[in-house]
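*Asks:* Sharing a structure, written as structure tokens. Questions coming.
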Amino acid sequence: MSDFLQQHYSINSFKNSDNWVLLNRIESSIKEKIEKYGIPLSKWNVSINYGIKTGYNDAFIIDEATKNTLITSDPKSAELIRPILRGKDIKRYSYNFANLYLICTFPSKHYNIDDYPAIKK
């Protein structure tokens, strides 16, 4: 154990009450670069009010069985189906994937719904 500690130790400073993390040298170096060159989200000039609004969740948010049925019926459907995490699925340090999927027919992508007959139906 002492050999491992001698080879993998890191020096950390806990001089203030800010949050702290224990990282190896490489991870610490990456974190320092991000903090040096990156801009924290709190300083971005953006307003995030909400995530994706479907207008009709019962139609656009589907379970895994429905996803599989759509893809089996028309394999091209897979192009429009993506996993989704809702706000209640996201935890502080992790997430709970609820096996839900979003049918992504975003207007800005100009999809022709006739090209996806299973999803149209």
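The values are calculated or read from the model by the stated rules, or taken from the named source; none is laboratory data. The model shown is predicted, which means the values in this text are computed figures rather than measured ones. Positions of Cβ are generated from backbone atoms using ideal geometry, with glycine treated the same way; all protein chains shown enter the neighbour counts.
*Asks:* Test of understanding: among Ile81, Ile52, Ile71, which residue is more than 15 Å from Phe106 (Cα to Cα) and either modelled with pLDDT under 90 or aliphatic (A, V, I, L, M) (or both)? So that I can check it myself, show each step before the final result.
*Replies:* Details: Ile81 fails: more than 15 Å from Phe106 (Cα to Cα); Ile52 fails: more than 15 Å from Phe106 (Cα to Cα).
Within the list Ile81, Ile52, Ile71, the selection yields Ile71.
*Asks:* Right, another one. What is the residue count in the range 22-41 for residues that are surrounded by 10 or more Cβ atoms within 10 Å (Cβ to Cβ) and of a type in the set (Ser, Thr, Tyr)?
*Replies:* Of the residues in that region, 2 qualify.
*Asks:* Inspect the range 23-35 for any residue being out of contact with any strand residue (DSSP E or B) (no Cβ under 6 Å at 6 or more places or on another chain), more than 30 Å from Leu5 (Cα to Cα) and not in a loop (DSSP other than H, G, I, E, B) and give the result as yes or no.
*Replies:* no
*Asks:* Looking at (1) out of contact with any Leu (no Cβ under 7 Å at 6 or more places or on another chain); (2) modelled with pLDDT under 95, which is the only condition Tyr101 fails?
*Replies:* Here Tyr101 meets the rest and fails (2).
*Asks:* Here's a follow-up. Please state which one of Ile84, Ile119, Ile62 is touching a Ser or Thr at 6+ places or on another chain (Cβ under 6 Å), of a type in the set (A, V, I, L, M, F, W, C), in contact (Cβ under 8 Å) with a residue 12 or more places away in the chain and over 30 Å from Ile11 (Cα atoms). Walk me through how you get there before you give the answer.
*Replies:* Values: Ile84 fails: touching a Ser or Thr at 6+ places or on another chain (Cβ under 6 Å); Ile62 fails: touching a Ser or Thr at 6+ places or on another chain (Cβ under 6 Å).
From the options Ile84, Ile119, Ile62, the qualifying one is Ile119.
*Asks:* Please enumerate the residues belonging to the range 72-121 that are within 24 Å of Tyr50 (Cα to Cα) and among the aromatic types (Phe, Trp, Tyr). Break it down stepwise before answering.
*Replies:* Of the residues in the range 72-121, the ones within 24 Å of Tyr50 (Cα to Cα) are 80-111.
Result: Tyr93, Tyr95, Phe97, Tyr101, Phe106, Tyr111.
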